[in-house]
Amino acid sequence: MINSFIHIILLLLLPPLLLGVINKTKALFAGRRGPPLLQLYYDLFKLARKDVVISQVTTWIFSAAPAITLVAIILAGLLVPMGPFQAPVVFAGDMILFAYLLGVGRFFTTAAALDTGSAFEGMGASREVTFACLSEPALFFALLVLARISGSLELTAMLHAPMTIGSQAPVASLVLVAVGVFILMLTESCRVPVDDPNTHLELTMIHEVMVLDHSGPLLGLILYGASLKLFVLCALLLHIVFPFSVGSALPDWLLFVAEMLFMASVIGVIESVMARLQMRHVPHLLIAATLFCGFGFVLLMRS
Amino acid sequence: MHFPLSITLLLVAAALHALSGVPGLLLSRCTAAGQRIALALTCVASFLGLVGVALVFMQGTASATLPWYLIGSEPMLLTADGLNAFFLVPVLIVGALGAVYGLGYWPQGAHPGNGRGLRLFWGLVLAGIIILLLARHSVLFLMGWELMALSAFFLVCTEHHLPEVRRAGWVYLVATHTGTLALFALLALLYWVTGSFVLRPLAVDEAGLGTLFLLFVLALLGFGMKAGMMPLHFWLPAAHANAPSHVSALLSGVMLKVGLYGLIRFIGFLPEPPVSWGIVILVAGCIGGVLGIVFAIGQQDLKRLLAYSSVENIGIMLIGFGLAMIGRSQDRPVWIILGLAGCLLHIWNHALFKPLLFFCAGSVIHATGTRQLDSMGGVAARLPRTAIFFMIGAVAICGLPPLNGFVSELIIYLGLFHGVADAKASAWTVAALAAPVLAVIGTLALACFVNAYATVFLGQPRQPQASAGHEAAPSMLLAMSTLAGGCVLIGVLPWLAMPMINQAVQAWDTAVQLRPPVAVGTLLPLPAFMGMGLLLAVASLLMVSWLSRRIKGGNASHRITWSCGFSLPTVRMQYTATSFVQMLNGLSQGVLRTRMHRPRISGLFAEPSRFKTRQDEPVLDRYILPAFLSICAFFGRIRFLQRGLTHQYLLYVGVTVILLLGWTLPVETIFKRLFAR
């Protein structure tokens, strides 16, 4: 009960900090001081108090989409366990709901982008759905591998399997899956090398270009939702990368937070040392992610 | 002779449906009375039929015999069990709602020429389907089948003054008769095996392996053709696109499922299926699902898009059924139950959201006068309710929570994952590879329907005619809202459908396996799942209402779309449907092969030119038509024999007679006598 409470608190409060860590790491590499760690919190407060400018072309979808997307991501976050703890909501088949909740977010984000009737946002929406089609099988191959290892259909048990099985775990498969899921996480949360959240060259962006017309609290919800999505996917990946637990509650929570911040700094390092891929090369990366996870599955079925 | 009430009610429903269009034929073609009578009869018939179905679900299987001896000495056997009762529900509901929709969409006053015929054949299709679903006698089954198939031909050809409608109807007629040919062979073979016209499960040693295989292939051909199973779907897009929208809804929502019913029922009759059958069905489902939605994305015509998405959904149903078949040959009850339950629930779901989408498409086409996606835009401003209904249908068909499409896909996923998670089942876990395929189908469907919804309803009108039009008539909105309500209801409260699914699965399962029944509900995480669905719906609504109050409370300003500082955006600068899917289409050109007409630009002052793309039906236009044309060309060479000249035919008769006489002549004796020494 208390763990579920902490889960929800962390889920709602921690995500903007990850963005702060990423930006700090990038600033460190660039020799700058960088924005404060808590910059996104300040931004969210500022945006919440602002008025909105809405395009005359738009319908109710435009303003409803950020809210629906955020709700879907929060619910998805309730299904992914953090560290060695149970997720607040566990049932057989919750991994499918997790994947499809992200789909709900995608449906409304892209619909809202197209609602403005702008070619830029149409371009972003088109890229978003195209890349999702290529990266989605990676997630399901990863889920198949985890279901096979754990013998369970619950996301919590599936993700805890590498930890509970320990040395018996099929390491080769898990490594392949970890690589695939890592690429998937970068894609879904719109980070380098797939997308660059800092660029202002609209023709090359995916997520940022879809939300060009949102302002004020609407933009705030979108930024918050994006950081939540990064957080949830990071939490998912951590189970495969760091299958360890101390054994008692408080150190485990602290370990989890430390791992999350470490992952954020890893993302920051990647963004500092890598350039964004050309748009026409992104599908190759996503297919590579699918192949990584697919080979992980094949390897597992062979033995 | 005993006649159970449920069967009586269903037969009365069939008769009333069949007669519903007749009074209109006797009345003047200018009065609306015929349409009202037909509507009333259809609604009464559907209501009586639904009561009958409810009785079947409550009291169990009912059988009756009609004392007709058309052929042989066996009376016509009718049986209503859980499985056909399950299929009857969408038939009756969509049949009635389509008639309600037709009141506003195809009023007799506006269509004096073809309205009466449409309603006659509407009723006949429904009557045919009810008869064939109940029939357990080969001849009665075929009679119902042909009544349905031929009436559907007349429905497709409602606007037969248009050449493309006639072409679509012709292709449909050829396809459906090819399918019927396979069914004749199937039923004849069954008669040869069992020595009886009664349709019943075969005993284990009743037929040899080769016969069983032949039966399976014939069922796959005959019923697959009707169900629109890839690659037998080639008749479907044109037929669905060129029929009036409520007819498309009936064909897509109901008639395709009848093909699936035949497949499930007849393959259920065959004992001890090898695992390869299940794999074949599963693979056919995967291919149909992916290619169906890939073709749907490539379409520029709204109704063709919806038609191809039916092919995709049939693919999803076949994945479920294939899993059930694999489970049957591997003796895994969980696979059978989850696979078949997912397949059956998806049949209901598709019968809710596909007619809904076709109804919405109909009112959009009614308002804008075009089916081309790239001509539309901003329709939501004038058809706000239709826009909401279309959105509900689009979210549901993408399989997104909390609507009904997600529930059935979740059940199929659970079945697929069960195979992987079960450590003992090392063989045939390849079936689990259908899970990533299903995920790809889901995301592609999302791309397809975001595109359809946004291009039609959002943004600005791309052509002047898209800015005309008005909201749909009340009767049309009533039909749409009922279907949308069904989507929400099954999505949020799936346990309502579970008892019916249970009975349908058991009707199939006990017939083939004879083991204690397992309830579907016990295998599903229904409470937690419903809780999450409700939470998603309620939290979204609260959040949206808070936001809208926040926006209205503050002083929101309305400006033009920002477009990165471009101050005078025109409607021509919007992303079109074609440009939205350009990247995806580029990835799928290997199968899609869009025909492009690129202008050649040369010289300093280039001439004005046009860029055109055209999307063929790949199977029909690239394989079947060329094949038929070459056959035609071959027969063209011997056409000179048949010139229509009477004296030529008389010559043929004379020559034939002489040849036959010559055959009987004792040539040898004649020669011997002539040249005797």
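So here's what we get for this one:
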read-out: Charge dipole of segment A:2-302 about the Cα centre (unit charges at C-beta), most positive-ward option of A:L79, A:A111, A:P251; value: A:P251
read-out: Surface accessible to a 1.4 Å probe, B:S63 within the full protein complex, Å²; value: 60
read-out: Spatial separation of Cα centroids for segment A:112-138 and segment A:240-261, in angstrom; value: 35
read-out: In sequence order, calculated HN-Hα J values of segment B:198-204 (Karplus, 6.51, -1.76, 1.60; Hz; x Gly/Pro); value: 6, 8, 8, x, 7, 6, 4
read-out: MRE, 222 nm, helices only [DSSP H, n ≥ 4, -39500 (n - 2.57), over chain B, to nearest 500]; value: -22500 deg cm²/dmol
read-out: Cα-Cα pairs of the protein assembly as shown separated by more than 48 Å (percent); value: 29
read-out: Under Karplus coefficients 6.51, -1.76 and 1.60, residue-wise ³J(HN,Hα) of segment B:646-651 in Hz, glycine/proline x; value: 4, 5, 5, 5, 4, 4
read-out: Label-point separation in nm, B:R643 to B:R36, each point 7 Å along Cα→Cβ; value: 6.2
read-out: Fraction of accessible area attributable to carbon and sulfur, chain B (%, probe 1.4 Å); value: 69
read-out: About the Cα centre, charge dipole magnitude for the protein assembly as shown (Lys/Arg +1, Asp/Glu -1 at Cβ), debye; value: 2140
read-out: Total accessible surface hidden between A and B, rounded to 100 Å², 1.4 Å probe; value: 6300
read-out: Relative contact order [Cα under 8 Å, 6+ residues apart], segment A:2-302, whole percent; value: 31
read-out: Placed amide H near B:T65: partners under 5 Å, 5+ positions off or other chain; value: B:L78
read-out: Ellipsoid equivalent to segment B:407-552 - semi-axes via the Cα gyration tensor, in Å; value: 38, 20, 19
read-out: Where B:L306, B:L659 fall by accessible area, highest first, once all protein chains stay in place (1.4 Å); value: B:L659, B:L306
read-out: Listed residues A:I22, A:I61, A:I206, most fluctuating in chain A (Gaussian network, C-alpha, under 10 Å); value: A:I61
read-out: Kirkwood hydrodynamic radius of chain B, from inverse mean 1/r over distinct Cα pairs, in Å; value: 27.1
read-out: Leading residue at positive end of dipole, the protein assembly as shown (Cβ point charges), from A:P170, B:Y453, B:Y413; value: B:Y453
read-out: Pairwise FRET efficiency - B:S557 versus B:E607, Cβ, R0 = 51 Å, nearest 0.05; value: 0.65
read-out: Separation of the A:I9 and A:V171 label points, Cα + 7 Å toward Cβ, nm; value: 3.8
read-out: Accessible surface ranking that places the most exposed of B:E312, B:E272 first, with a 1.4 angstrom probe; value: B:E272, B:E312
read-out: Order of exposure, largest accessible area first, which applies to A:M1, B:M58 with probe 1.4 Å; value: A:M1, B:M58
read-out: Length-normalised contact order of chain B in % [C-alpha pairs under 8 Å, at least 6 apart]; value: 12
read-out: Surface per residue (accessible, 1.4 Å probe) for chain B, Å²; value: 40
read-out: As computed over segment A:1-102, the Cα convex hull volume per residue (Å³); value: 170
read-out: Segment B:547-619 shape via C-alpha gyration tensor axes, a/c threshold 1.5; value: oblate
read-out: Once the Cα gyration tensor of segment A:223-270 is diagonalised, semi-axes √(5λ) in Å; value: 20, 12, 10
read-out: Cβ-derived FRET efficiency at R0 56 Å, B:D621 paired with A:L254, nearest 0.05; value: 0.30
read-out: Distant-in-sequence amide H partners of B:D301 (H built 1.01 Å from N, under 5 Å); value: B:L373
read-out: Only Lys, Arg (+1) and Asp, Glu (-1) charged, at Cβ; segment A:90-154 dipole about Cα centre in debye; value: 160
read-out: Cα-based radius of gyration of segment A:142-256 once divided by 2.2 N^0.38 Å, which approximates compact folds; value: 1.30
read-out: Highest-first arrangement of A:130-141, B:356-367, where packing means the average Cβ count within 10 Å; value: B:356-367, A:130-141
read-out: Solution diffusion estimate, µm²/s, Stokes-Einstein, segment B:72-144, Kirkwood Rh from C-alpha pairs, 37 °C, viscosity 0.692 mPa s; value: 236
read-out: Built amide H within the under 5 Å cut-off of A:I206, gap 5+; value: A:D196
read-out: Residue-span extension gain [B:F628 to B:Q582] - 0.36 nm each, minus C-alpha spacing; value: 13.3 nm
read-out: Compactness index (Cα Rg / 2.2 N^0.38 Å), segment A:68-174; value: 1.28
read-out: Portion, in percent, of the accessible area of chain A that falls on carbon or sulfur, probe 1.4 Å; value: 69
read-out: Chain A - Rg and Dmax from Cα coordinates, angstrom; value: 18.9, 60
read-out: Averaged over B:442-455, number of beta-carbon atoms from partner chains that fall within 10 Å; value: 6
read-out: Hz values of 3J(HN,Hα) by residue in segment A:86-93 - Karplus curve (6.51, -1.76, 1.60), Gly and Pro given as x; value: 5, 6, x, 10, 9, 7, 5, x
read-out: A:F45 paired with B:I71, simple spin-label distance in nm, labels 7 Å along Cα-to-beta-carbon; value: 8.3
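The values are calculated or read from the model by the stated rules, or taken from the named source; none is laboratory data. What you are looking at is a predicted structure, and each value in this text was computed from that prediction instead of being measured. Cβ sites come from the backbone with ideal geometry, for glycine too, and all protein chains shown count toward neighbours. In case anyone asks, the SASA skips ligands and DNA or RNA and just uses the protein heavy atoms, side chains included. Shrake-Rupley method; radii C 1.70, N 1.55, O 1.52, S 1.80 Å.
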